[in-house]
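The values are calculated or read from the model by the stated rules, or taken from the named source; none is laboratory data. Nothing here was measured: the structure is a model prediction, and the numbers come from that model. Neighbour counts run over all protein chains shown; Cβ positions are idealised from the backbone, glycine included.
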Amino acid sequence: MPRILIAAIGATMLMLFLGPRFISWLRTNEVGQFVRPQGLIPDAHAEKQGTPTMGGLLILFATAVPFVILSSRSTEAMLVLFVTLASGLIGFLDDFTKIVRKRSLGLSGKLRILGLVVVSAVLVYVATEVVGLDTTLSIQPVHRDIDLTLAGYFLLVMLVVVGSANAVNLTDGLDGLAAGTTAIALLSFTGIAFVDGRTDLAMFGATLMGACVGFLWFNSFPAQVFMGDTGSYALGGALAAMAVMTKTEVLLGIIGAIFVAEALSVMIQVVVFKRYRRRVFLMAPLHHHFEMAGWSETKIIVRLWLIARLFSAVGFTLDYRAVTG
């Protein structure tokens, strides 16, 4: 337990120490955010144009260094770190493409999904062949396990990784929303891993949570830096990998309820508009709907954090009851 706390605190302190220097470097090299065209975002977001981005690189560094030094570097925990870094690399390539092209469009959606599918394949192979994870789907709320074939399990993991990465990416539209919500979800996964006696997994969750908390110092409204797709894809990949390694893929939908709601709002908006030429939400993702309804950015963020805490606690409780019987 002390090492887990030290790793989390170390990640936060490392983030706070390096943050100002990294942000200054980003500004000097004009690594700024390119916002989406007018009409796709609320007008108030136009002023965020040029804010330093790719802060996800610092989140990854602040997580990896304390974790590698203090952990036992077990295969399962290093696999989660790999998925996090690999997902972050996909996001980095997307961010880098935007900066080079000087517009808000980066890698195509097909290339990003293909990259995440490859990451999913590596996750499944190492988890089943090296770590020894079985190919069952555990449904904790009803205490039931469903046996899947290897192909079925790969499809499940692929959906979890691709869905989680893109859902966190969609949530990253308000200052501090994605980082804070991810930190809350990671607290539950850290607790789940700790109760299961998987110290390295718990340490990884706590370390990444600490890095997210440190990042919030600079990313809270008004943000000095954005995490970019580098950060959002990395955080989404990390949540997916933690869910896979702790056999809580179903609970990820509860623990990460805000991410699910954000993704569903986009899907519903697109489907209904294409079919009926009507909008269900004033603007999607969901947080933009509340902005258009007149809520302040800080009010939206705090209220969604509170909802995230509620669902995160529910998810942890369901897993704890499944473990203790």
If L264 passes every condition in (1) surrounded by fewer than 20 Cβ atoms within 10 Å (Cβ to Cβ); (2) touching a residue at least 60 places away in the same chain (Cβ under 8 Å) but one, which one does it miss?
(2)
Taking D196 as meeting all but one of (1) closer than 24 Å to I9 by Cβ; (2) surrounded by fewer than 24 Cβ atoms within 10 Å (Cβ to Cβ); (3) touching a Gly at 6+ places or on another chain (Cβ under 9 Å), write down the number of the exception.
(3)
Only residues in region 196-214 that are at pLDDT 95 or above and part of a helix (DSSP H, G or I) count as the first member; pair them with residues that are surrounded by 24 or more Cβ atoms within 10 Å (Cβ to Cβ) and aromatic (F, W, Y), Cβ under 7 angstrom, at least 6 apart or cross-chain, and list the lot.
M203/F67; F204/F67; G205/F189; T207/F67
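Hey, can you tell me all the residues within region 246-271 that are part of a helix (DSSP H, G or I) and touching a Gly at 6+ places or on another chain (Cβ under 9 Å)?
Of everything in region 246-271, those that are part of a helix (DSSP H, G or I) and touching a Gly at 6+ places or on another chain (Cβ under 9 Å) turn out to be L251, L252, G253, I254, I255, A257, F259, V260, E262, A263.
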From the set of residues in region 122-156 that are within 12 Å of L79 (Cα to Cα) and not aromatic (F, W, Y), which is farthest from the chain's Cα centre (by Cα)?
V130
If you go through region 251-261, how many residues are among the hydrophobic types (A, V, I, L, M, F, W, C), under 30 Å from T75 (Cβ atoms) and buried (at least 19 other Cβ atoms within 10 Å of the Cβ)?
5
Filter region 79-111 for residues that are assigned to a helix (DSSP H, G or I), among the basic types (K, R) and touching a residue at least 24 places away in the same chain (Cβ under 8 Å) and give the result.
K98
Checked G210, G205, G236, G228 against criteria (under 26 Å from L14 (Cβ atoms), touching a Phe, Trp or Tyr at 6+ places or on another chain (Cβ under 7 Å) and small (G, A, S)); the one match is G205
Does any residue of region 290-299 turn out to be among the aromatic types (F, W, Y), in a helix (DSSP H, G or I), without any contact (Cβ under 8 Å) to a residue 24 or more places away in the chain and under 28 Å from L105 (Cβ atoms)?
yes
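Quick grid of which residues meet (1) at positive phi; (2) crowded, with 24+ Cβ neighbours inside 10 Å; (3) at pLDDT below 95; (4) of a type in the set (G, A, S):
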| site | (1), (2), (3), (4) |
| --- | --- |
| V100 | no, no, yes, no |
| L105 | no, no, yes, no |
| L111 | no, no, yes, no |
| V117 | no, no, no, no |
| H143 | yes, no, yes, no |
| T149 | no, no, yes, no |
| F189 | no, yes, no, no |
